[in-house]
Amino acid sequence: MKIYFHLNIEGFSNAYLIVNPEEKSALIIDPGKVTIKMIEQIEQEKYTLDAVLITHNHASHTMGLNTLQKIYTPKIYAADYEVAKNDTVVLKGDGIIKAAGLNVSYMSVPGHTADSMVYKIGLCLFTGDVLLAGQAGNTTSNYAKRTLITNIESKILSQHENTVIMPGHGPPSTIGAEKQFNSDLAQF
């Protein structure tokens with residue numbers, strides 16, 4: 001598995017192209033913007049874009065979806081039907097899917113939004129806006145913040161300390177670093 005990082009400068013959000021060289025297939029997490037570089041990485045290696053995974057339905061994480069659908073025919077996974085209407089495979093709760101020949105675990109982690117999903121591939125957690133380096137995601141109320149922190153503690157911080165966090169905004173981190181330095185998690 002290879003992971004390519006792409007920054008959507010308009011929303012300062014991160015998109016990830018994950019490729020499986022053995023299967024010659026790929027998936028994209030949170031296509032905030034589709035760039036020429038992203039398409040070149042898929043086309044030059046002749047990868048099949050098998051899936052698009054959406055962490056939550058905010059424009060800075062989904063704006064490139066229409067472009068991808070005009071070029072490719074990937075399965076679209078999200079917890080919100082509104083992401084791509086009838087083209088959305090709606091995920092609920094926690095589970096495992098197979099995408100691009102890879103086992104992808106998914107877990108519902110509401111708090112930032114009701115439809116927030118975290119995806120795990122290998123030792124990488126793609127957390128969207130649930131958990132960023134050094135902070136928990138934004139919420140609209142104290143209740144939502146408490147829900148988010150509880151979910152982070154039970155579902156994310158229970159992962160191995162060396163698990164890499166690939167957030168929807170900002171730099172990557174690890175479970176170990178978040179346990180030690182994340183001030184939002186220490187508040188509760």
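Taken over segment 132-162, residues that are small (Gly, Ala, Ser), over 16 Å from residue 176 (Cβ atoms), assigned to a loop (DSSP other than H, G, I, E, B) and open to solvent by 30 Å² or more (accessible area, probe 1.4 Å) amount to 1.
Any residue at all in segment 46-57 that is closer than 16 Å to residue 32 by Cα and charged (D, E, K, R)? Among the residues of segment 46-57, not one is closer than 16 Å to residue 32 by Cα and charged (D, E, K, R), which makes the answer no.
Going residue by residue through segment 44-67, is there one that turns out to be touching a strand residue (DSSP E or B) at 6+ places or on another chain (Cβ under 7 Å), more than 26 Å from residue 156 (Cβ to Cβ) and open to solvent by less than 40 Å² (accessible area, probe 1.4 Å)? Scanning segment 44-67 turns up at least one residue that is touching a strand residue (DSSP E or B) at 6+ places or on another chain (Cβ under 7 Å), more than 26 Å from residue 156 (Cβ to Cβ) and open to solvent by less than 40 Å² (accessible area, probe 1.4 Å). Residue 128 satisfies every condition listed in (1) touching a residue at least 60 places away in the same chain (Cβ under 8 Å); (2) open to solvent by 20 Å² or more (accessible area, probe 1.4 Å); (3) on the phi > 0 side of the Ramachandran plot; (4) not β-branched (Val, Ile, Thr) except (2).
In segment 85-95, is there at least one residue being small (Gly, Ala, Ser) and in contact with a helix residue (DSSP H, G or I) (Cβ under 9 Å, 6 or more places away or on another chain)? Steps first, answer last, please.
First, the residues of segment 85-95 that are small (Gly, Ala, Ser): 93, 95.
So of that shortlist, the ones also in contact with a helix residue (DSSP H, G or I) (Cβ under 9 Å, 6 or more places away or on another chain) come out as none.
No, because not a single residue in segment 85-95 is small (Gly, Ala, Ser) and in contact with a helix residue (DSSP H, G or I) (Cβ under 9 Å, 6 or more places away or on another chain).
Considering only residues in segment 1-31 that are closer than 16 Å to residue 99 by Cα and among the acidic types (Asp, Glu), the one that is least open to solvent (accessible area, probe 1.4 Å) turns out to be 30.
Would it be correct to say that residue 106 is open to solvent by 20 Å² or more (accessible area, probe 1.4 Å), assigned to a strand (DSSP E or B) and not charged (D, E, K, R)? Full working, then the answer.
Details: open to solvent by 20 Å² or more (accessible area, probe 1.4 Å): yes; assigned to a strand (DSSP E or B): yes; not charged (D, E, K, R): yes.
So residue 106 passes the test.
If you check 57, 8 for being at pLDDT below 95, over 16 Å from residue 124 (Cα atoms), within 15 Å of the chain's Cα centre (by Cα) and not β-branched (Val, Ile, Thr), only one passes: 8.
The values are calculated or read from the model by the stated rules, or taken from the named source; none is laboratory data. Since the model is a prediction, treat every value here as computed from it, not as a measurement. Virtual Cβ from ideal backbone geometry, glycine too; neighbours counted across all protein chains shown. Note: areas computed on protein heavy atoms with side chains; ligands, DNA, RNA excluded. Shrake-Rupley method; radii C 1.70, N 1.55, O 1.52, S 1.80 Å.
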